[in-house]
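Novice: Here it is, the structure, as structure tokens.
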Amino acid sequence: VQLQASGGGLVQAGDSLRLSCVASGPTFTGSTMGWFRQVPGQEREFVAGISRSGAVTDYLDSVKGRFTISRDIAKKAVYLQMNYLKPEDTAIYYCAADYDRLTPSRSVPTYDAWGQGTQVTVSS
């Protein structure tokens, strides 16, 4: 599967953004999907994940209650709705696909395909 992420931008603290990740190829339906983020000089970290069916989700503690991950099978898309953004949310955000697991993993190496990243910058 190939992934194309979009929706990043420059916003102020407290604002919202919606990231989108559109997949091409037949494996999207069978993939668990995740969103990760990375700040230059730091390791890539798990933000949110969603199971194949959409029934199971997982979130980084610091984004719980503010971010929501969802997927649209028909559109082959996964979304990350980000509300009440904080300056510490500033990073490049990546979507990723895991072909093997039924529920989302928080581990970077378990993901098989990655999008190109979209920059999110939150000013204070």
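The values are calculated or read from the model by the stated rules, or taken from the named source; none is laboratory data. Keep in mind the model is a prediction, meaning the values are calculated, not measured. Here the Cβ is made from the backbone with ideal geometry for all residues, glycine too, and neighbour counts use every protein chain on show. Note: accessible area is taken over every heavy atom of the protein model, side chains too, but ligands, DNA and RNA are not part of it. Shrake-Rupley method; radii C 1.70, N 1.55, O 1.52, S 1.80 Å.
Novice: Working out 0.36 nm times the residue gap between THR29 and SER62, then minus their Cα-Cα distance, what length gain in nm do you get to one decimal?
Specialist: Computed gain between THR29 and SER62 is 9.1 nm.
Novice: For an R0 of 30 angstrom, estimate the FRET efficiency from the Cβ-Cβ distance between SER124 and SER70 and round to the nearest 0.05.
Specialist: Result of the calculation: an efficiency of 0.60.
Novice: How much net charge surrounds GLU88 when only other residues with a Cβ under 12 Å from its Cβ are counted (Lys, Arg +1; Asp, Glu -1)?
Specialist: That sum, taken over residues with Cβ under 12 Å, equals +1.
Novice: A further question follows. Relative to a virtual label point 7 Å from the Cα of TYR99 in the Cα→beta-carbon direction, which members of the range 1-27 show backbone nitrogen distances below 15 Å?
Specialist: Residues passing the 15 Å test: 1-3, 24-27.
Novice: Let me ask something else. Could you rank ARG44, ARG37 by how accessible they are, 1.4 Å probe, largest area first?
Specialist: Result, largest first: ARG44, ARG37.
Novice: Sequence-distant or interchain residues sharing an amide H contact under 5 Å with ARG101, placed H: which?
Specialist: THR32
Novice: Same structure, new question: Enumerate the amide H contacts of GLY117 below 5 Å, restricted to partners 5 or more residues apart or on another chain; note that Pro and chain-start residues carry no placed amide H.
Specialist: Under 5 Å from the amide H of GLY117: ALA5, CYS95.
Novice: At 25 °C and a viscosity of 0.890 mPa s, what translational diffusion coefficient does Stokes-Einstein give for the range 17-124, taking Rh as the Kirkwood radius over Cα pairs? Give it in µm²/s as a whole number.
Specialist: Answer from the Stokes-Einstein relation: 179 µm²/s.
Novice: Straight-line reach from LYS64: which lysines have a Cα under 25 Å away, not including same-chain ones fewer than 8 places off?
Specialist: LYS76, LYS86
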